[in-house]
Amino acid sequence: MYKIKLALFGLAVLSSSYASFAEANKSEFNRYVNFNWGDCPSTFKTPDNRNLCSFAKVPVNWDKPDGEQIDIMVSKYPAKSTDPKGQIWFLQGGPGYSASFYATHYNTTLSQYTQDYDLYILEHRGVGWSTHLSCPNQFQGDYLQYQKACYNELYNQWGENLFHFNTTGAAHDLAYAIDKSRATNWLPTYVYGASYGTLWAQRFTQVAPQGAQAIVLDSIVPSKGFSLDLWDENANYIFSGLAQYCDNDPLCRNKIGANSEATIKQLLNKVYSHSHCSEAKFNRDSLQALSTLLMMRSVEGALMPTYYRLARCNQDDVIALNNLHQYIFEGVGRKLMAIEPDHPRNFSQVLSSLITHNEISFEPRTLSERLEYCQDAVACIPKNLLYSRYIQKDVWGNRYSNQFVYADVQHYIPTLVLNGDLDLQTPHSYAHEFKKTFTNINQRYIEFPEIPHAVIFESPANTASGNNCGVDVMQSFLNNIWQQPNTDCIAKLEGLNFNLSTIESQVLFGTDNAYDGSATPMSLESLESLKTQNPVQFDKHRDTFMRLAYF
């Protein structure tokens, strides 16, 4: 909770901005009247100013349509073609994150779809520019009391309606928004969900079995069997897969050895017990956090050199490792990349806690079980974050349920499921189980080797289209939802890279070669100088630097 006053000031300013947008672009609760479109809030604006937004009234409790109403924000990016083929609705993950992320990719990853499809984004109820759930009280040092007071104040405000800020309510919102969008011009509708958005899309199929022509589930969160309490176990399962790829990669095998998983685990246990390389700043918590972060962000080119230098641990290795530590954990990377605090509406911890601890906790783990598991694990979330999550679970968990929670999902809508086999957040093993719920041959699963979370955004390939492979596979599916999509691009995936470029090695490790060679201690000033002297190379690898700075 840094810069609390600034964050609270931001919320106060935003409330005025929100009110002006919501009033100007208000859409009445009537599914037979199209949206009243207008300008978008800043985070949903696109460079070409073509994105439109509306604030639609919906009941907070869909079982009581005449009861209290809330706002859901919908954005529309009209197809550039005068004869669009359909509309695509994008559902964000989280839960709790704003969907403004998608609007920032209309001119990059999602540009493939802008010509022939109207692109819609529905902001989840309780999040972002929809009616936003946030703690009205200030944090004053006791996190448990802060969460309890937050819950009590919001329950006093909303009563039992607080528990309708859930996946089922959001699924009804989506069904309503789709109907409203087609009030004056019916078009085929396709729904894309990523991560938690896949659970949202599945719930949509239960409340609106004929609500769309097809759905795309990218990085699956199944309704049954999945639990965020298993995060650390899932992370180490994926590490085993990454280690197998390392064993088959000439560079990685040469540096780490033919049995990299066992070698790395033995090394880390020596560090955890303070019997090896105590000169480096890394300890159990930071190494486990590093392993988690670099696997999530798919920067294996920095992860394996870390293990390699940690094992050797000479003077240059210690300097290189401490350079990496300060970049990620001491805020140097954030300053170098000039990362601003997140927009106050980009995340709702309240909505996240409600859904996570009531709908995504099928197989629970106690705090003591997770702490015990992480004694010798390669990857785990930081302890301070773990403790805060269990406080949130105690306050927000076991508050609601309904007939859809933790139930198998079956429907007949054509479905494309995409998953990477190195997806730490939603491992592909869940997709294999999810396939058992398929009801017909038009529900298909495609697995992408060496690919992490969110396939269409994380599957670069050497293809003529220039698109990510996941984008091309999804486009093939949309072209004909009754046939097997073309997956030729999978053979052309760029895949893993266990090596860093010279500029990446210099910025992260202070050396020309991430694995070997002398290292120089890097201050923020020296990094700024390196950035200034190598603008082309720095910009070429900006994505890597951002992935590790945003921690």
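No value in this document is a laboratory result; all are computed from the given coordinates. As the structure is a computational prediction, the values presented were derived from the model and not from experiment. Reconstructed Cβ throughout: ideal geometry from the backbone, glycine too, with neighbour counts over all protein chains shown.
Below is a table of values for the structure above.
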read-out	value
Other-chain or far-sequence residues with amide H under 5 Å of Phe347's (modelled H)	Ser98, Gly128
FRET E, pair Gln533, Ala464, Förster distance 25 Å, beta-carbon r, rounded to 0.05	0.10
Per-peptide average of other Cβ atoms within 10 Å, ordering 379-392, 196-209, 304-317 highest first	196-209, 304-317, 379-392
Distance from the stretch 297-313 to the stretch 425-470 (C-alpha centre basis), Å	27
Within the stretch 276-303, backbone nitrogen closer than 11 Å to the virtual label 7 Å beyond the Cα of Lys540 toward Cβ	none
Protection proxy ranking of 508-516, 155-163 - average other beta-carbon atoms within 10 Å, highest first	508-516, 155-163
Convex hull (Cα only) mean projected area of the stretch 391-516, reported in nm² to one decimal	12.4
Computed [θ] at 222 nm, helices only, for the chain once each DSSP H run of length n ≥ 4 contributes -39500 (n - 2.57)	-13000 deg cm²/dmol
Residues whose placed amide H lies under 5 Å from that of Gln69, excluding near-sequence neighbours	Val60
Cα-based reach from Lys85 at 20 Å (exclusive), listing lysines while leaving out same-chain residues under 8 positions away	Lys76, Lys180
Gain on full stretching of the segment that runs from Leu367 to Asn30 - 0.36 nm per residue minus C-alpha separation	116.7 nm
For peptides 522-531, 262-271, 95-104, sequence by mean Cβ density within 10 Å, most packed first	95-104, 262-271, 522-531
Cα-derived Rg to Rh of the stretch 201-261, Kirkwood definition	1.26
Distance violations [Cα-Cα > 28 Å] among Lys265/Lys436; Lys45/Lys80; Lys45/Lys540; Lys270/Lys383; Lys80/Lys224	Lys265/Lys436; Lys80/Lys224
Size-normalised alpha-carbon gyration radius of the stretch 73-202, reference 2.2 N^0.38 Å	1.24
Built amide H within the under 5 Å cut-off of Leu422, gap 5+	Glu450, Ile451
For the stretch 286-429: Kirkwood Rh in Å [reciprocal of mean 1/r, alpha carbons]	18.7
Angle between the chain longest axis and helix 469-479 axis [Cα atoms, degrees, rounded to 10]	20
Nearest-20 debye value, the stretch 137-236 charge dipole, Cβ charges on Lys, Arg, Asp, Glu	420
Degrees between helix 383-396 axis and first principal axis of the chain (Cα, 0 to 90, nearest 10)	20
Degrees, to the nearest 10: 143-158 long Cα axis against longest axis of the chain	10
Student exercise, the chain dipole from Lys, Arg, Asp, Glu Cβ charges, in Debye to nearest 20	540
Fraction of beta bridges assigned by DSSP in the chain that are antiparallel (%, nearest 5)	35
